[in-house]
Amino acid sequence: MQIKRDWKSALWHSVAQGFFGGIALALVTMACFSLGLDLATTAFAYLIVIVLLSLMGSFYVSAVLSIIAVAALNYFFAPPIFNFRVDQAQDSVLVIAFLLTSVIVTGLVRKARSQTEAALEAETVQREQAWLLNLTHDSIFVRDMNDVITYWNHAAEEFYGWTAEDVVGKRVTTHQLLKTVFPAPLRCH
């Protein structure tokens, strides 16, 4: 039941992204055409819209909107206008460059977003694990390779008398930390 609901939610999100993306492209087209902007300037305006749309949603919807933007560029701004034919080679290169750039940028945004989501998920898992470690009655602390304390649970606070604020992020020697008393002087190496 949950999977079906998630699928429907993703579908509606994609439909909404496509709808609003289409409206955004239409508005940019109208504005650029009314202002008499050239092909390169309009391509840049379209690219901004495509990047913003890719930040909001699906890679596939953004890719489809990129193709629609290429068609609009070709039809409304590449001479001869109101025709899908392109007479000048430089206009063809610009339209192809726009398509490649928008698809690459959309893909990079998707990759960055998935990496961010994975990092947030890992952080959530770490927070949950730390919360569980705090529930135990055993004192637990973690030090990194430089002897800096990175974790100090509640039981360690009670057992050693140091609060987490006192020790986390600090390099404390074990003897200081554990308040070790030696019957004879400790030999330093």
Out of the residues in region 27-49 that are buried (at least 18 other Cβ atoms within 10 Å of the Cβ) and among the hydroxyl-bearing types (Ser, Thr, Tyr), which is farthest from VAL105 (Cα to Cα)? THR29
Residues of region 147-163 being surrounded by fewer than 20 Cβ atoms within 10 Å (Cβ to Cβ), within 10 Å of LEU133 (Cβ to Cβ) and under 33 Å from the mean Cα position of the chain (by Cα), which ones? TYR151
Give me the residue from region 1-37 that is in a loop (DSSP other than H, G, I, E, B) and either modelled with pLDDT of 90 or more or of a type in the set (Val, Ile, Thr) (or both) and, out of that set, nearest to MET56 (Cα to Cα). LEU37
If you take the residues in region 16-26 that are surrounded by fewer than 13 Cβ atoms within 10 Å (Cβ to Cβ) and not small (Gly, Ala, Ser), which one is farthest from VAL64 (Cα to Cα)? ILE23
Keeping to region 115-161, report how many residues are in contact with a helix residue (DSSP H, G or I) (Cβ under 6 Å, 6 or more places away or on another chain) and closer than 16 Å to ARG171 by Cβ. 3
Filter region 38-61 for residues that are modelled with pLDDT of 85 or more and small (Gly, Ala, Ser) and give the result. ALA40, ALA43, ALA45
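The values are calculated or read from the model by the stated rules, or taken from the named source; none is laboratory data. What you are looking at is a predicted structure, and each value in this text was computed from that prediction instead of being measured. Counting neighbours? That spans all protein chains shown, and the Cβs are built from the backbone with ideal geometry, glycine included.
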